[in-house]
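Each remark here refers to the structure printed beneath this line.
No lab work stands behind these numbers, since they all come straight from the coordinates. Note that the structure is a prediction, hence the values are computed from the model and not measured. Quick reminder, even Gly has a Cβ in these numbers, built from the backbone with ideal geometry, and neighbours come from all protein chains shown.
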Amino acid sequence: MPHATLFADDPIDGSPEAPDRLGRDDYAGHVARLLDRVRGQSESSVMALIGAWGSGKSSVLDMVARKLQQSDQATPQGEHDSHWLVATFNPWTYGDVESLHNGFFQELRGVLPRDAKWSDARRRLGEFGKSIAPFMGLVPGVSAENAVKAAGDAIAGDQNANALKAAAEDTLRQLGRPILLIMDDLDRLTPQELLLVFKLVRLVGRLPHVYYLLSYDESTLLDILSRTNLVPHSASTDKRRARDYLEKIIQVRLDLPILRESQALGMVDACLNHVLDENAIALDDQNFDRFRTAFHNHIRRRLMTPRAINRYFAQVEALYVLLGEEADFVDFLLLSWVRTAEPELYSTLQTHRNALTRSDFDVFPTTSQKETHQAALEKWTDRLRRSGVADENIDGVLAVLAQLFLPIRTARDNTEYAGEWLEDVRLRRGVGHVDYFDRYFSFGVPSEDIADSIVREALESLANGKQSDATHELRSKLLSDAARVCRKLGSEQEQGRAPAAALLVFLADLYADLPAGGEAFLDPRRFVQLLASDLLPDVAASEGPRLLRRMTAAPEGVALVATIVSKAQHGSSTDKGKKAIQWLDAAARETRAIIREYFDASKDGLSSLSDEMWRVIWAWRWLDHDEMREWLRAATASKAGWSVEDVLARLSRVDDTGPPPLDMSAVEPLIGVDFAIEHLLPLDQDERLQPAYDLESTWENRVRVARTLLDEERARRSAKASPDDRTDPQQN
């Protein structure tokens with residue numbers, strides 16, 4: 001298929017440059033032969049080629065004209081008197097009824113040969129056309145004032161319109177050469193323009209040896225006629241009067257052959273293969289099946305004219321190049337059909353981005369909040385209806401959308417699909433995933449996103465130990481949208497394209513610049529931790545310990561390493577199925593050494609220690625509980641700001657809402673409750689401070705609240721002791 005075919009709506013004429021691909025050349029030949037038969041039976045006649053918009057009427061008209069002209073060219077010199085003269089008159093190109101009238105006669109005169117034999121015919125046609133021009137004022141839209149003036153001039157003249165018409169008829173009859181006037185696009189005219197054309201054809205233009213081949217979409221033309229004064233308004237609904245009027249004009253009705261399913265499928269195949277070739281795309285069986293399913297479920301019956309098929313694939317051809325490998329081709333193909341066939345729905349989809357991508361953060365809805373599949377299906381059915389989708393198309397359109405968006409597929413199939421299905425959408429860069437949705441509607445990678453090609457380029461640079469524009473952009477996007485970028489990096493890692501060691505150092509280097517804290521599901525540092533945990537098993541054992549040292553150049557790097565190694569050591573139910581770290585024991589030993597060295601050298605007290613570094617203490621616990629407890633107990637006696645009361649203050653809150661302000665189950669694994677009681681004397685009564693919701697959370701208040709609650713724990717334990725224990729001052 002030639003490259004320009006998709007972008008042009010020009011008719012074809014069956015020539016080598018515009019070949020007939022639908023087998024309509026034979027039909028055009030039949031129409032040309034039929035014209036000869038009609039000519040043998042009638043001095044003038046009107047034929048109509050009828051077909052839907054975009055069905056190829058103009059192409060058949062061009063093929064008919066070409067066949068008639070070829071027949072004329074094949075006739076020996078001097079034997080042309082019996083062959084057709086063909087003129088094309090498109091009334092839609094004229095801006096008003098006056099210019100339309102003039103254009104009609106200009107086209108009719110213009111087709112006549114320029115030799116002397118035809119000069120009289122051209123002159124008389126022009127005189128006749130000029131003489132009746134004033135009376136076109138009877139047609140709405142022509143200036144009545146000009147019509148009256150011109151009519152008066154015509155009456156005062158030497159010859160009236162009838163006499164001039166008779167003279168033109170005599171000349172054309174004597175010459176005997178058949179003239180075909182082709183009129184296309186009648187269904188695009190206004191009611192006034194259409195009435196004028198029919199008046200010219202029926203009452204004025206029925207000249208000897210002049211034949212007409214009109215072309216229109218019948219349903220549209222009947223609608224236009226129903227809006228004229230020829231058809232009573234009450235009859236406009238059934239269109240019977242309009243059809244009766246049309247039958248008075250048309251002698252021979254020619255219905256364009258419908259596009260057979262095999263022809264439509266052949267065009268679709270040709271167009272699809274053209275787009276695939278132009279973009280160097282090879283569809284595997286799985287992706288082809290996805291398109292074929294949607295196509296046969298619905299799209300096929302909406303692509304039943306050549307124009308509809310070309311228009312659809314032209315949309316794909318024009319815009320896919322802006323995305324290329326940054327999007328899934330089949331998803332783009334299907335969404336392009338939605339954009340072409342149901343533009344209002346296309347806009348509606350954009351407004352429901354979060355619901356379609358399952359990114360509305362309602363991760364754990366209650367049973368009462370959870371929407372049933374039937375309710376979801378009814379909601380989407382209503383949205384389609386309000387977006388202008390016809391009722392007979394709703395089920396089919398839902399079938400197409402189900403190929404793109406998992407929530408719609410879930411509702412339609414009444415089946416809850418596992419998370420792996422959404423993961424598959426992400427891996428193929430589908431429109432149904434939040435990371436890629438916006439690309440399909442912006443026809444490119446949005447500024448807040450990062451191209452997958454940039455991610456791959458950055459990873460190649462890191463693997464080669466280089467910094468590049470791509471690595472700088474990767475860093476920038478990680479800082480602004482860690483969740484999205486970490487998912488992309490995770491995809492590359494799953495496909496074996498991520499240099500684990502270099503990427504881990506890169507992540508540790510920027511970890512300090514990531515915003516800290518926030519909600520658990522939105523914490524940027526958490527996303528980096530999860531990615532780093534997945535990368536660690538890919539590091540070679542010989543390189544591992546040295547890599548951990550490189551990652552801990554900054555305190556935040558210590559926190560990152562402690563988190564991911566302790567998680568691997570401790571394990572959890574969420575880690576099932578993940579790759580194990582073969583050098584985990586060595587990783588744990590190295591991480592413990594790194595943590596101890598850091599805290600030995602740290603000058604920070606517990607009051608100024610960041611939450612992230614405080615969590616390192618807990619990570620140390622999972623790596624070696626005894627070692628951590630021994631060090632922390634020693635630190636309470638030797639490190640400034642690490643006293644027992646500082647440890648308790650670090651674990652306490654001053655408000656009395658929510659969990660216990662000082663949870664003894666948290667004190668126990670760190671230094672032990674007994675150890676704390678032993679090393680802290682009870683507070684005086686006036687020094688005690690009870691937690692309260694409006695109490696200011698200063699470090700001093702936290703210390704006093706912690707010690708007050710410890711004293712209460714001391715008293716509870718003392719009350720539970722045996723009588724002998726209470727009387728023995730040597731007992732602890």
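Taking the charge dipole of the chain about its Cα centre, with +1 at Lys and Arg Cβ atoms and -1 at Asp and Glu Cβ atoms, the residue from Asn102, Thr171, Ala87 reaching farthest to the positive side is Thr171.
Considering only the other residues whose Cβ falls under 13 Å of the Cβ of Ala168, what net charge follows from Lys and Arg at +1 and Asp and Glu at -1? Net charge in that neighbourhood comes out at +4. Gain on full extension, evaluated as 0.36 nm per residue between Asn354 and Ser697 minus their Cα-Cα distance, stands at 119.7 nm. Seen from every direction in turn and averaged, the convex hull around the alpha carbons of segment 594-724 projects onto 9.1 nm². Taking the number of Cβ atoms within 10 Å of each Cβ as an exposure proxy, the fewest-first ranking of Asp656, Asp284 is Asp284, Asp656.
Within straight cross-link reach of Lys165, meaning Cα distance under 19 Å, which aspartates and glutamates are found once same-chain residues fewer than 8 apart are removed? The qualifying aspartates and glutamates are Glu43, Glu107, Asp120, Glu127, Asp153. Straight-distance candidates among the aspartates and glutamates for linking to Lys578, with alpha-carbon spacing under 18 Å and chain neighbours fewer than 8 residues away dropped: Glu420, Glu423, Asp424, Glu492, Glu494, Asp534, Asp538. Tell me the angle of helix 261-278 to the major Cα principal axis of the chain, expressed in degrees between 0 and 90 and rounded to the nearest ten. It is inclined by approximately 60 degrees. Once you reduce segment 624-669 and segment 86-119 to the center of their Cα atoms, the two points are 100 Å from each other. Modelled spin-label separation between Arg173 and Ser453, with each label point placed 7 Å from Cα along the Cα-to-Cβ direction: 7.4 nm. Computing P(r) over Cα pairs in 20 Å bins from 0, in percent directly from the structure and comparing it against (1) 13, 28, 23, 16, 12, 7, 1, 0; (2) 17, 48, 30, 5, 0; (3) 15, 46, 36, 4, 0 singles out (1). Sorted largest first, the spans of the alpha carbon positions of segment 482-634 along the three principal axes are 47, 33, 29 Å. Here the Karplus curve 6.51 cos²θ - 1.76 cosθ + 1.60, taken at θ = phi - 60°, turns the phi angles of segment 688-694 into couplings of 6, 9, 7, x, 8, 5, 9 Hz, with x standing for Gly and Pro. The distance between label points at Gln69 and Ala634 comes to 10.1 nm (points 7 Å beyond Cα on the Cα→Cβ vector).
Proximity of backbone amide H atoms, modeled 1.01 Å from N, is registered between Leu85 and Ile179, Leu180 at under 5 Å, excluding neighbours fewer than 5 places apart on the same chain. In a simple Cβ point-charge model (Lys, Arg +1; Asp, Glu -1; nothing else charged), the chain has a dipole of about 2620 debye relative to its Cα centre.
The orientation-averaged shadow of the Cα convex hull for segment 261-442, equal to a quarter of the hull surface, comes to 10.4 nm².
Of all aspartates and glutamates in the structure, those lying under 13 Å Cα to Cα from Lys720, and not within fewer than 8 positions of it along the same chain, are Glu712. Relative intensity of segment 382-480 on a log10 scale, I(q)/I(0) at q = 0.14 Å⁻¹, equals -0.70, per a Debye sum over C-alpha point scatterers of equal strength in the absence of solvent. Under the criterion of Cα pairs below 8 Å and six or more residues apart, the relative contact order for segment 261-442 equals 25 percent.
Determine, from the Cβ-Cβ distance of Asp626 and Asp284 and an R0 of 51 Å, the FRET efficiency 1/(1 + (r/R0)^6), rounded to the nearest 0.05. After rounding, the FRET efficiency stands at 0.40.
Neighbour counting of Cβ atoms within 10 Å sorts the residues Ile394, Ile595, fewest neighbours leading, into Ile394, Ile595.
Rounded to 0.05, the FRET efficiency of the Lys579 and Glu325 pair, given R0 = 35 Å and the Cβ-Cβ distance, is 0.80.
The magnitude of the dipole of segment 177-317, with charges of +1 and -1 set on the Cβ of Lys/Arg and Asp/Glu and taken from the Cα centre, is near 900 debye.
Taking each of Lys488/Lys579; Lys130/Lys199; Lys567/Lys603 in turn, the alpha-carbon distance tops 23 angstrom for Lys567/Lys603. How many nm separate the modelled label positions at Asp600 and Trp92, each set 7 Å beyond the Cα in the direction of the Cβ? That separation, rounded to one decimal, is 8.7 nm.
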